[in-house]
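Take a look at the structure set out below.
The values are calculated or read from the model by the stated rules, or taken from the named source; none is laboratory data. Please read all numbers here as calculations on a predicted model, not as lab measurements. Cβ coordinates were reconstructed from backbone atoms using ideal geometry, including for glycine residues, and neighbour counts include every protein chain displayed.
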Amino acid sequence: MQFRINGKSVQVDADPAMPLLWVLRDLLDLTGTKFGCGIGACGACTVLADNRAVRSCVTMARDAAGRDIRTIEGLAGDTLHALQQAWIDRQVPQCGYCQSGMLMAAAGLLAQTANPSDAQIDAAMTNICRCGTYQRVREAIKLAARSARRSP
Amino acid sequence: MKRRAFLLGALGTGGALIVGWSFLPPRSRMGDRDTLPPMDGAVSLNGWLRVERDGALVVVMPRSEMGQGVYTGLAMLAAEELDVPLARVRLEQAPIDAIFGNVATLVMSLPFHPDDAKSTEARAAAWFVAKVGRELDLQITGGSSSLRDAWLPMRRAGAAARAMLLEAAARIWRVPAGECSVVEGEVRHAGGKRLQLGELVGALREVPLPSEVTLKDPKRFRLIGTPAARLDVPDKVTGRARFGIDVRLPGMLYAALRPCPTLGGTLLSFDGDAALALPGVVRVSALAAAAGCAPAVAVVANSWWRAAQALAAVRADWDPGPYAGFDSAHLLAEMNAALQNGGGFTYYKRGRGEAALLDAVQVYGADYSAPYLAHATMEPMNCTAQFAHGRLRIWAPTQVPSILRDVAARAAGIDAAHVEVNVTLLGGGFGRRLETDFVPQAVWLARDVSPAPVQVIWTREQDMTHDFYRPAAVARLRAGLDGKRMPFSWVTRSVSDAVVPQYVSRAYPALAMDMPDRTTVEGLFDQSYEFAHRQCTHLTWKSPAPVGFWRSVGHSHNAFFTESFIDELAHNAKADPYDFRRLLLARHARHRTLLEYAALKAGWGRAPNGRAQGVALHESFGTIVAQVAEVSVARGAIRVHRVVCAVDCGTVVNPELVAQQMEGAVVFGLSAALYGEITFKEGRVEQRNFPQYPVLGMAEAPVVETYLLPNGGTPGGIGEVGTPPVAPAVANAVYRLTGQRLRSLPLRLES
């Protein structure tokens, strides 16, 4: 199957029913995207598909093929994404396991809503973090939104 | 290693050899140059530190990073004494050696009240246990003990290394060492000469380890006490951070499991032929029960998803075993009935204990309960193993590498010396990764597919239904009151299973025995409220449910019981709950001051309209935390808006790490307080994934504010201490708001 991942075309011998998560992790060694629940409930596996956040553990390979997939490994360009820098500035991660998914969900949010309100953040950020980083995630999203406005 | 074997042997035979050993001085934790494996172009300074040719300072890391910031906190201790910038520190996993054994967590497991810590009895016991601990290579990350344990050894290692740097430079320059200093990671001479660390490698080889070391005066700390950035964060925002599940090795295979669905069940037969015919499948195996894991069937394939898919084609017949009728609702009823009866072990008694209740004008009593809880770390259990040429290599997210090594060696039937343990980052621990149940599974599968490495990954459903749960507990608290309704006696009786004996029987079956377990009563007997008469009794109630260490362990439920009950006593006395607590802490200025600080920062008594405040104070793991929760109730749901935490943890090593741990511990505790409940029915756990075991999300997370009252001395624990007070603080606020006194967790309002 043909995928477009982090701006590159890749050819993978994958079962069409294989979730994108396992295509990324087991076939492409892109381990930044995490397995958390397997039912799309926790968000650890969040990636962007055509700039929208999707949960890759419940997105089948056949549905991902042909879409522009972006994972945590492809979030930064030449420099860190504004969200990654804000994550560092606000010292968001603790164990860090859910943070790839958090960042990708936040990237999906900012792609749709440049200056999200608290209610919009609550609605978009349904990822689970057992370390309880929510407060810093919220602050970092707002910080990134501000810095992105300053340097478009 | 020899000394350890000797000691354990002596303990085992109850021997007189112990007497001779006890006259030896405690073993040094400095280590020597041989502690670390030799490396070309680098020089070890002691067991903890090495200087590389490129000028990096390698700090050897004996503790596991599971989010609590231990990599950063421990590195700060060494960097402080050495005056090397934190950015120049490189971390490397410690070998398994007694110098890295966790002594503090053993000492903290002793059943002494903090008020008695200076007594001869407590000091003698602490000295003895610390001495034993120095012989054991128990590399445990748990009990909020890492900084407390390393506070002296890591700084001594740093200070000794600093003296060696000065001596090495002095020899190169042929000047007295006293004229040299370490500044920003380079050695400088008063005359202006400078040498980088990497330039000292050769000379350092000739410098002997100093016989005495002088630690910095805390007044001169430049790094300790600052909000230094975490060393692990950059990799955690780019996806580069490697957790156990991210281990990738050439030719690696993946395994998916189906464990026995009922507690104590066994595998009768299985048929894997249909699965073996599926693409990518390499092997179907049956796995025995060991180290606490259930028996299972496993499929090994070239991707985890294929293994998991093929598992559906495996037919397995289970004997449900002796506990197929086990029901936790029935168990709780039995435990509640046991509250009425006598028996149990009295962990603590002061004054006339329970007998003093007879003198009371009024005896006030209340019964509380708490359910089983799962850990639900974000990273499901996993373990990678490779068995080749008689050597076993393991990669695991673990809190206990040395115990894991022993369990793996036992499973493989080889000597522990032939087992290599690689500790990865942990995607959450919370006590779950003190267990080693996933290790024999990986070892046996690695033997089946040897020499290929294999990675075992559990599903979330397996993780949730095959956990070692926070024990369910019930307690009856009673207080004898005087004519002014002030309590002068404190009597608790609680019933629950005990974690420590179960844990020992899983990790070291040969050492299995019934034993008192401090964790059952921590939080009930060890708080600082002043009562003339006290008695705390606990009855261990064994059940088939596996129990384990869960963030803050016994404190997690006992703080709810204690701090709810104190609040009830305050209301019974028609007193403000905050003022009432201060009255009971007349001789405990540290606790009183901290409580006052929390009240000040929270604006006690000035809750916004429609909200109420609740307060709780709790000491655990050497740290005191006071919390004020601001709560509202809408459409029958409890909403927590703000939690103010005041913290006295002695010396603050990194205030940002403390704030992070408070934020995390509050969310963790609130998930349990508002939703957390694991139930068993017909020998199975009923909750299978996050929809049945909800945890707090972004939209429900309160604002958490952290305020520190540093007090000097050894740092107290931080990773767990924010969890115990949050449930009672919220329950106490709910009472103020609704008049409903919720005595069971999770908190559920009557409609």
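Looking across the stretch B:705-751, the residues that are without any contact (Cβ under 8 Å) to a residue 12 or more places away in the chain and out of contact with any helix residue (DSSP H, G or I) (no Cβ under 8 Å at 6 or more places or on another chain) come down to B:739, B:748, B:750. Taken as a whole, the condition of being without any contact (Cβ under 8 Å) to a residue 40 or more places away in the chain, part of a loop (DSSP other than H, G, I, E, B) and more than 14 Å from every other protein chain (Cβ to nearest Cβ) does not apply to residue B:239.
Residues in the stretch A:41-65 that are basic (Lys, Arg) and surrounded by fewer than 22 Cβ atoms within 10 Å (Cβ to Cβ): 2 in all.
Name every residue in the stretch B:628-656 that is within 14 Å of chain A (Cβ to nearest Cβ) and either crowded, with 24+ Cβ neighbours inside 10 Å or not in a helix (DSSP H, G or I) (or both), in order of residue number.
Let us first name the residues in the stretch B:628-656 that are within 14 Å of chain A (Cβ to nearest Cβ), namely B:639-645, B:654-656.
Across the stretch B:628-656, the qualifying residues are B:639, B:640, B:641, B:642, B:643, B:644, B:645, B:654.
Conditions tested, residue by residue: (1) among the aliphatic types (A, V, I, L, M); (2) in contact (Cβ under 8 Å) with a residue 12 or more places away in the chain.
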| site | (1), (2) |
| --- | --- |
| B:270 | no, yes |
| B:301 | yes, yes |
| B:309 | no, yes |
| B:313 | yes, yes |
| B:325 | no, yes |
| B:342 | no, no |
| B:353 | no, yes |
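Give B:560, B:565, B:525, B:531 a once-over and let me know the one that is buried (at least 24 other Cβ atoms within 10 Å of the Cβ) and assigned to a loop (DSSP other than H, G, I, E, B).
Details: B:560 fails: assigned to a loop (DSSP other than H, G, I, E, B); B:565 fails: assigned to a loop (DSSP other than H, G, I, E, B); B:531 fails: buried (at least 24 other Cβ atoms within 10 Å of the Cβ).
After applying the criteria, what remains is B:525.
Based on this model, can you work out whether residue B:418 counts as under 30 Å from residue B:690 (Cα atoms) and not hydroxyl-bearing (Ser, Thr, Tyr)? It is false that residue B:418 is under 30 Å from residue B:690 (Cα atoms) and not hydroxyl-bearing (Ser, Thr, Tyr).
Quick check on my filter: what residues within the stretch A:54-92 are facing chain B (nearest Cβ under 9 Å) and at positive phi? The one that is facing chain B (nearest Cβ under 9 Å) and at positive phi: A:91. Does residue A:38 count as within 13 Å of the chain's Cα centre (by Cα) and either surrounded by 24 or more Cβ atoms within 10 Å (Cβ to Cβ) or within 22 Å of residue B:426 (Cα to Cα) (or both)? No; evaluated as a whole, the condition is false for this residue.
Return yes or no: is residue B:666 within 26 Å of residue B:323 (Cβ to Cβ) and out of contact with any Asp or Glu (no Cβ under 6 Å at 6 or more places or on another chain)? Steps first, answer last, please.
Details: within 26 Å of residue B:323 (Cβ to Cβ): no; out of contact with any Asp or Glu (no Cβ under 6 Å at 6 or more places or on another chain): yes.
No.
The set of residues from the stretch B:64-94 being of a type in the set (D, E, K, R) and either away from chain A (no Cβ under 14 Å) or at positive phi (or both) comprises B:80, B:81, B:83, B:88, B:90, B:92.
Working carefully through the options B:688, B:736, B:741, B:684, find the one that is among the basic types (Lys, Arg), in contact with a Leu (Cβ under 9 Å, 6 or more places away or on another chain) and surrounded by fewer than 23 Cβ atoms within 10 Å (Cβ to Cβ). I'd like the intermediate steps shown before the answer.
Values: B:688 fails: in contact with a Leu (Cβ under 9 Å, 6 or more places away or on another chain); B:736 fails: in contact with a Leu (Cβ under 9 Å, 6 or more places away or on another chain); B:741 fails: in contact with a Leu (Cβ under 9 Å, 6 or more places away or on another chain).
That would be B:684, the only listed residue that is among the basic types (Lys, Arg), in contact with a Leu (Cβ under 9 Å, 6 or more places away or on another chain) and surrounded by fewer than 23 Cβ atoms within 10 Å (Cβ to Cβ).
Quick check on my filter: what residues within the stretch B:242-251 are under 8 Å from residue B:425 (Cβ atoms) and outside any loop (DSSP other than H, G, I, E, B)? Before the answer, list the steps.
In the first step, residues of the stretch B:242-251 are kept if they are under 8 Å from residue B:425 (Cβ atoms); the result is B:242-244.
If the condition is that a residue be under 8 Å from residue B:425 (Cβ atoms) and outside any loop (DSSP other than H, G, I, E, B), then B:243, B:244 are the ones that fit.
The residue that is nearest to the other protein chains (Cβ to nearest Cβ), counting only those in the stretch B:193-226 that are over 17 Å from residue B:166 (Cβ atoms) and exposed (fewer than 13 other Cβ atoms within 10 Å of the Cβ), is B:222.
Candidates are the residues of the stretch B:607-622 that are over 29 Å from the mean Cα position of the chain (by Cα) and buried (at least 21 other Cβ atoms within 10 Å of the Cβ); the one that is nearest to residue B:147 (Cα to Cα) is B:613.
How many residues does the stretch A:7-34 hold that are in contact with a Lys or Arg (Cβ under 7 Å, 6 or more places away or on another chain) and free of Cβ contacts under 8 Å to residues at least 40 places away in the same chain? Qualifying residue count for the region: 2.
Any residue at all in the stretch B:280-287 that is part of a helix (DSSP H, G or I) and surrounded by 19 or more Cβ atoms within 10 Å (Cβ to Cβ)? There is no residue in the stretch B:280-287 that is part of a helix (DSSP H, G or I) and surrounded by 19 or more Cβ atoms within 10 Å (Cβ to Cβ).
Could you list, in sequence order, all residues of the stretch A:88-103 that are surrounded by 24 or more Cβ atoms within 10 Å (Cβ to Cβ) and either over 14 Å from the mean Cα position of the chain (by Cα) or without any contact (Cβ under 8 Å) to a residue 60 or more places away in the chain (or both)?
Just the residues of the stretch A:88-103 that are surrounded by 24 or more Cβ atoms within 10 Å (Cβ to Cβ), to begin with: A:92-103.
Passing the criteria: A:92, A:93, A:94, A:95, A:96, A:99, A:102, A:103.
One residue stands out in the stretch A:35-53 among those that are closer than 18 Å to residue A:76 by Cβ and in contact (Cβ under 8 Å) with a residue 60 or more places away in the chain: the one that is farthest from the other protein chains (Cβ to nearest Cβ), namely A:51.
If residue B:104 satisfies every condition in (1) buried (at least 23 other Cβ atoms within 10 Å of the Cβ); (2) under 30 Å from residue B:535 (Cβ atoms); (3) in contact with a Leu (Cβ under 7 Å, 6 or more places away or on another chain) but one, which is the exception? Going through (1) buried (at least 23 other Cβ atoms within 10 Å of the Cβ); (2) under 30 Å from residue B:535 (Cβ atoms); (3) in contact with a Leu (Cβ under 7 Å, 6 or more places away or on another chain) one by one, residue B:104 breaks only (3).
Considered as a group, the residues in the stretch B:398-435 that are in a loop (DSSP other than H, G, I, E, B) and charged (D, E, K, R) include one that is surrounded by the most Cβ atoms within 10 Å (Cβ to Cβ), and that residue is B:435.
Is it fair to say residue A:14 is under 23 Å from residue B:459 (Cβ atoms) and either within 11 Å of another protein chain (Cβ to nearest Cβ) or among the aromatic types (Phe, Trp, Tyr) (or both)? So that I can check it myself, show each step before the final result.
Details: under 23 Å from residue B:459 (Cβ atoms): yes; either within 11 Å of another protein chain (Cβ to nearest Cβ) or among the aromatic types (Phe, Trp, Tyr) (or both): yes.
Taking the combined requirement at face value, the residue satisfies it.
Among the candidates B:214, B:141, single out the residue that is in contact with a Ser or Thr (Cβ under 6 Å, 6 or more places away or on another chain) and at negative phi.
Numbers: B:214 fails: in contact with a Ser or Thr (Cβ under 6 Å, 6 or more places away or on another chain).
Result of the check over B:214, B:141: B:141.
Within the stretch B:535-555, is even one residue in a helix (DSSP H, G or I), at pLDDT 95 or above and of a type outside the set (Val, Ile, Thr)? Checked the stretch B:535-555: at least one residue is in a helix (DSSP H, G or I), at pLDDT 95 or above and of a type outside the set (Val, Ile, Thr).
Got at least one residue in the stretch A:121-133 being acidic (Asp, Glu), at pLDDT 95 or above and loosely packed, with under 14 Cβ neighbours inside 10 Å? Don't jump to the end; show me each part of the working.
Of the residues in the stretch A:121-133, the ones acidic (Asp, Glu) are A:122.
Of the ones still in play, those that are also at pLDDT 95 or above are A:122.
Next, from what is left, pick out any that are loosely packed, with under 14 Cβ neighbours inside 10 Å: none.
Checked against the condition, which is being acidic (Asp, Glu), at pLDDT 95 or above and loosely packed, with under 14 Cβ neighbours inside 10 Å, the stretch A:121-133 yields no hits at all.
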